[in-house]
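Supplied in structure tokens, the structure appears directly below.
The values are calculated or read from the model by the stated rules, or taken from the named source; none is laboratory data. All of these numbers come straight from a predicted model, not from anything done at the bench. Every residue, glycine among them, receives a Cβ derived from its backbone with ideal geometry; neighbour counts consider all protein chains shown. The protein model used for the area step is the full one, side chains on, heavy atoms only, and it has no ligands, DNA or RNA in it. Shrake-Rupley method; radii C 1.70, N 1.55, O 1.52, S 1.80 Å.
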Amino acid sequence: MSSKVRKTIIAGNWKMHKTVAEAQALAEAVLQGVAKELAGEALPDIILCPTYVSLPAVLNVVNAPDGKTANKQNCFVGAQNMEHRDSGAFTGEIAPGMLTHLGVTHVILGHSERRQFFGETNQGVNLKTKAALAHKLVPIVCVGETLDEREGGLTDQVIRRQVAAAVEDLSAEEVAKIVVAYEPVWAIGTGKNCESPEANRVCKMIRSTINELYGTSVADGIPVLYGGSVKGSTIDEQMAQSDIDGALVGGASLKAEEFLPIIKGGAKRLKLMATKA
Ligand code: PGA
């Protein structure tokens, strides 16, 4: 199986930005831009991940029946986190079923900001990955090394451990449904890109880790995204790599005019894959 069978995914992680009204306006601008500038083209999966409070508004835009947002079948809404338990006395948390009830289809798990500022562990990410799959949410599992780990030559070891921990005790059928995002912590929000060949090498290693655990047919189908200061000016080179199947975008997803060129980069990858097929 070659990379041509894998989905191309462009996800926007809006982090703790935008009021509900602003999130709605951004979603409208992105979808209208896609309808206008990419009319008739094969599109990557576009996943918009606003804050919890903006999820209903963004879902309304994505599901709007007014025809302004053509190609919306490729557009999905994701949460940035969730609790793994179904309900209970967990003040401030959001359960998986609450997300699916709204129409949310994806969830970012284990983002480095969750690990760094909110104490998320590999074990916690594993519990959340299992819960997401049990609720038919697509988990976008984030992994990545810190600058210290990279400089200490620990990148591969850290990434392998994070990937293996996230999928522990999952069946092959379950693992086949996940998306992994390689996000070197030192490249997030810093303007520093991980060089594309190196990002590709790590994405390949993520796939080979899954291959060792679950075999080629599972590993070859899993989309592995790159994240960390992705911009319109970097996306073409990133999308030309063999093992980078898309992007998880923070800062550049907050303005439609900056996010659209990245979506176009995803569309170009689809064309490239089609010519290689
Ligand atoms: P960035 O963030 O694009 O602003 O670097 C990426 C992310 O944190 O997912």
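To the nearest 10 Å², what's ARG85's accessible area with a 1.4 Å probe?
Result for ARG85: roughly 100 Å² accessible.
Which residues does a label at ASN60 reach in segment 15-37, if reach means a backbone N under 16 Å from a point 7 Å past the Cα toward the Cβ?
19-29
Take every DSSP beta bridge whose two residues both sit in the chain, then give the antiparallel share in percent to the nearest 5. Before the final figure, lay out the partial values.
Numbers: 0 of 27 bridges.
In the chain, approximately 0 percent of DSSP beta bridges are antiparallel ones.
Go ahead and collect, in residue order, the members of segment 236-277 whose backbone nitrogen is under 11 Å from a label point 7 Å along the Cα-Cβ direction of ALA42.
Output list for this probe position: 267-277.
So, one more: Over the chain, what percent of the accessible surface lies on carbon and sulfur atoms, probe 1.4 Å? Display every interim value, and only then the final one.
Numbers: 6560 of 12020 Å².
Solvent-exposed carbon and sulfur of the chain make up 55 percent of the total.
If you take the charge dipole of the chain about its Cα centre, with +1 on Lys and Arg Cβ and -1 on Asp and Glu Cβ, which of ALA277, HIS84, ILE108 is farthest toward its positive end?
ALA277
What GluC sites (Glu not before Pro) in segment 161-230 are in a loop by DSSP, with at most 16 other Cβ atoms within 10 Å of the Cβ? Mind dumping the intermediate values first?
Working: sites: GLU168, GLU173, GLU174, GLU195, GLU198, GLU212; in loops: GLU168, GLU195.
Of the GluC sites (Glu not before Pro), the ones in loops of segment 161-230 whose Cβ has at most 16 other Cβ atoms within 10 Å are GLU168, GLU195.
Hey, another quick one. Amide H to amide H, which residues 5 or more places from TRP14 or on other chains are under 5 Å from it, using H placed in the peptide plane?
HN-HN under 5 Å from TRP14: CYS49.
While we're on this one: With viscosity set to 0.692 mPa s at 37 °C, what whole-number translational diffusion coefficient in µm²/s follows for segment 1-124 from Stokes-Einstein and a Kirkwood radius over Cα pairs?
On the way: Rh = 15.7 Å.
The Stokes-Einstein estimate is 209 µm²/s.
Hey, another quick one. Provide, as a two-decimal number, the C-alpha radius of gyration of segment 140-207 over 2.2 N^0.38 Å, N being how many residues it has.
For segment 140-207, the normalised Cα radius of gyration is 1.14.
Treating only the Cα positions of the chain as identical point scatterers, give the base-10 log of I(q)/I(0) from the Debye formula at each q in 0.07, 0.15, 0.16 Å⁻¹.
-0.22, -1.11, -1.28
Something else now. Cα atoms only: what Rg and Dmax, in Å, come out for segment 135-277?
When restricted to the Cα atoms of segment 135-277, Rg and Dmax are 14.9, 42 Å.
Residues in segment 126-155 near a label at ALA164, defined as backbone nitrogen under 16 Å from the 7 Å Cα→Cβ point?
126, 144, 154-155
To the nearest 0.05, what FRET efficiency results for LEU154 and SER242 with a Förster distance of 22 Å applied to their C-beta separation?
Working: r = 24 Å, r/R0 = 1.11.
So the FRET efficiency works out to roughly 0.35.
So with the 1.4 Å probe, I'd like the accessible area per residue for the chain, rounded to whole Å². Numbers along the way, then the final one.
Values: 12020 Å² over 277 residues.
For the chain, the per-residue accessible area is 43 Å².
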